[in-house]
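Each remark here refers to the structure printed beneath this line.
The values are calculated or read from the model by the stated rules, or taken from the named source; none is laboratory data. Note that the structure is a prediction, hence the values are computed from the model and not measured. Note that each Cβ is placed from the backbone with ideal geometry, even for glycine, and that neighbours are counted across all protein chains shown. Just the protein is used for accessible areas: all its heavy atoms, side chains included, with ligands, DNA and RNA removed. Shrake-Rupley method; radii C 1.70, N 1.55, O 1.52, S 1.80 Å.
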Amino acid sequence: MALVVQKYGGTSVGSVERIQAVANRIDRAVKQGNSLVIVVSAMGKTTDTLVKLANEISSSPCSREMDMLLSTGEQVTIALLSMALQELGQPAISLTGAQVGIVTEAEHSRARILQICTDRIERHLNKGEVVVVAGFQGVSNSEDLEITTLGRGGSDTSAVALAASLKAERCEIYTDVPGILTTDPRLVPSAQLMSEITADEMLELASLGAKVLHPRAVEIARNYGMPLVVLSSWSDRPGTRVVSRLPQPRSLQGMEIAKAVDGVEVDRDQAKIALLRVPDFPGVAASLFGEISTQNIDVDLIIQSIHEGNTNDIAFTVVNRVLQAASAVAEAIAPSLRTDSEARDQAEVIIDRAIAKVAISGAGMIGRPGIAAKMFKTLADANINIQMISTSEVKVSCVIEESECDRALHLLSQAFDIDLNSQKEIKASQYQGNHPPVRGVALDVNQARIAIRHVPDAPGMAAQIFTLLAQKNISVDSIIQSQRCHIIDALPTRDIAFTVAQSDAELACQAIEELDRQIGCGRVSGDTAISKLSVVGAGMIGHPGVAAKFFAALAREKINIQMITTSEIKISCVIDETQGIQALEAVHEAFGLGGKEQVTIPA
Ligand code: ADP
Ligand code: ASP
Ligand code: MG
């Protein structure tokens, strides 16, 4: 008898008829010989409605009371679904997160799961009952046994965490689309279903705006090797499998907080090319990387910083072997990018061979801003200057001087308690296989960009900034440090820009302005009128031309790129908010991801 955890999202249980349809599906699965634990969300838009009610009473409601309020949504569904099952003659029992013993940190509105007691569930399963558990909620590990919630969209995480704790055979996430598609079908109707995706790719997509899965659910599935399937509750089609590599054995205690970093890596075979003062108009990145890809040169990290005046800086890294060819392209293209005859404003190419990339990786760093901050601080304390930073949900990479590489590696492995013997060079091969270069495209419209001008170019600045943000629990993405140096009061300075969730933008700006008064950098500015468009695919490593194709698609639409950041398996561009959907459609099309078959989405 297989133990399966199934989760039904809000739309899937949005009405009495839908709850009855779900009960029928569960009943069939039990009759096929399965033992079932069901996790449900609140009905339809209940959670949104409850949030609105709270906001009518208070503009900043207390997070404890919000958890008390929002957790009621799921409680309605568990009771109704159990009744519907009982009506079909199927014994069932509903349990709240607290009754199950889904123990979380005592952090309201964003609690992480520490462990789940499975005794009670197992007792009911042994009696032949279907156990219906309220998703999204838990109980704190503090003396007061407070009700906590996991964050919006958190029922997926409840389900996968339960599946891992119960050592279920698989976890099935039932939703209102047929599975994971190449992009959001509500925005691009030609989006196509994927039969399979790797957990690494899904982690990136989920955290870059594809809300079909909660990123933390993917993290748990990946860490514990839990087979995960996303499928429609309206059909019997097989949906999408999220596949994980065989994980290291891992304790179920401290499930979401144990070891955030499981690897420290170093790559010495890197060289940096920076183009300074390239004009800020559509098509510049496209022509540079287009030229580079015609030479079949694979670029690794790419960053484009915030513009200043009417020019940008673009920097990228390549392996040493192709440095000469890549720099020749950059040198050849620079004159055509010169807009101004005045020498100081001209595009300029800088080449640096003596660099190395150090990176920390691990799925547990999702939504834990303190981890990146700790990396920066570790480097700063050792007086190691960070030249470039690139972040993804599961990795933070820093470009540093090559001569500091061994020291950095040693200190980081100490700081994150990683066995140095298991240290590995960054190897693309872990992702290589028969993957298409781009699997999916995601648009995140809830991002804001923060820019800090003239930050002193000295070790410790990034550490100070991101430690402060981490203390305020603000997660930061796409951190960029400009290549250009400004001399202010005889001190070299650089600009730093990064993106945060729009809801954190004000708090982030305030925090940095405070810090600014202490360390005296320049102006801090926030811009919420941006969108972040990302392409994700494990096959983009060792596959030149992906960036070029992405940038060219934007250039054809005359869409200006405001920032570029990359990780091994994603490329993100910050663009104007008003051009988000147009850009998404164009890029989805450019990578040939669209198809004729149109997904039907229930109203
Ligand atoms: P549920 O209530 O079942 O948890 P969600 O609304 O949280 O459902 O997630 C499903 C929605 O995610 C879909 O209706 C779709 O609009 C959106 N979505 C965004 N990106 C994707 C994608 N790449 N594949 C599938 N759905 C996506
Ligand atoms: N009901 C919660 C929400 O709307 C949790 C979930 O549906 O996953 O965010
Ligand atoms: Mg959801």
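So here's what we get for this one:
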{"read-out": "Simple Cβ-charge dipole of the range 86-223, Lys/Arg +1 and Asp/Glu -1, about Cα centre, in debye nearest 20", "value": "100"}
{"read-out": "Under Karplus coefficients 6.51, -1.76 and 1.60, residue-wise ³J(HN,Hα) of the range 233-250 in Hz, glycine/proline x", "value": "7, 9, 9, 10, 6, x, x, 10, 8, 9, 9, 10, 5, 4, x, 5, x, 8"}
{"read-out": "The chain: antiparallel DSSP beta bridges as a percent of all, rounded to 5", "value": "70"}
{"read-out": "Dipole magnitude of the range 198-307 about its Cα centre (Cβ charges: Lys, Arg +1; Asp, Glu -1), debye to nearest 20", "value": "380"}
{"read-out": "Mean shadow area of the range 35-76, taken as a quarter of the surface of its Cα convex hull (nm²)", "value": "3.4"}
{"read-out": "C-alpha long axis of helix 46-57 to longest principal axis of the chain, angle in °", "value": "70"}
{"read-out": "Per-selection Kirkwood Rh - the chain (Cα, Å, 1 d.p.)", "value": "25.1"}
{"read-out": "Two-site label geometry, Lys127 and Arg170: point separation in nm, points 7 Å out along Cα→Cβ", "value": "3.0"}
{"read-out": "Using alpha-carbon coordinates, inclination of helix 502-519 to the longest axis of the chain, degrees", "value": "40"}
{"read-out": "Net lengthening on full extension, Asp419/Glu506 (0.36 nm per residue, minus Cα-Cα)", "value": "27.4 nm"}
{"read-out": "The range 508-573 - accessible surface per residue (Å², probe 1.4 Å)", "value": "33"}
{"read-out": "The range 522-603 shape via C-alpha gyration tensor axes, a/c threshold 1.5", "value": "oblate"}
{"read-out": "Distance between the range 40-92 and the range 275-316 - C-alpha centres, whole angstrom", "value": "48"}
{"read-out": "Per-residue ³J(HN,Hα) for the range 358-373, Karplus 6.51 cos²θ - 1.76 cosθ + 1.60, θ = phi - 60°, Hz, x for Gly and Pro", "value": "10, 9, 10, 9, x, 5, x, 8, 4, x, 10, x, x, 6, 4, 4"}
{"read-out": "Selection from Gly594, Ser207, Ser94 lying farthest towards where the dipole of the chain points positive, charges on Cβ", "value": "Ser94"}
{"read-out": "Residues of the range 127-205: accessible area per residue with a 1.4 Å probe, Å²", "value": "29"}
{"read-out": "Principal axis box of the range 470-567, alpha-carbon based, largest edge first, Å", "value": "45, 34, 27"}
{"read-out": "Heavy-atom accessible surface of the chain: percent carbon and sulfur, 1.4 Å", "value": "49"}
{"read-out": "Stretchable slack from Glu56 to Leu246, in nm (0.36 nm times residue separation minus alpha-carbon distance)", "value": "63.6 nm"}
{"read-out": "Extension gain from Thr600 to Ser235, taking 0.36 nm per residue of separation minus the Cα-Cα distance", "value": "130.3 nm"}
{"read-out": "Nearest-0.05 FRET efficiency for Ser336 and Phe281, computed from C-beta distance (R0 22 Å)", "value": "0.95"}
{"read-out": "Nitroxide proxy distance, nm - points 7 Å out along Cα→Cβ at Gln253 and Glu557", "value": "5.0"}
{"read-out": "Gyration tensor (Cα) of the range 455-509, equivalent ellipsoid semi-axes in angstrom", "value": "23, 12, 9"}
{"read-out": "Using alpha-carbon coordinates, inclination of helix 461-471 to the longest axis of the chain, degrees", "value": "20"}
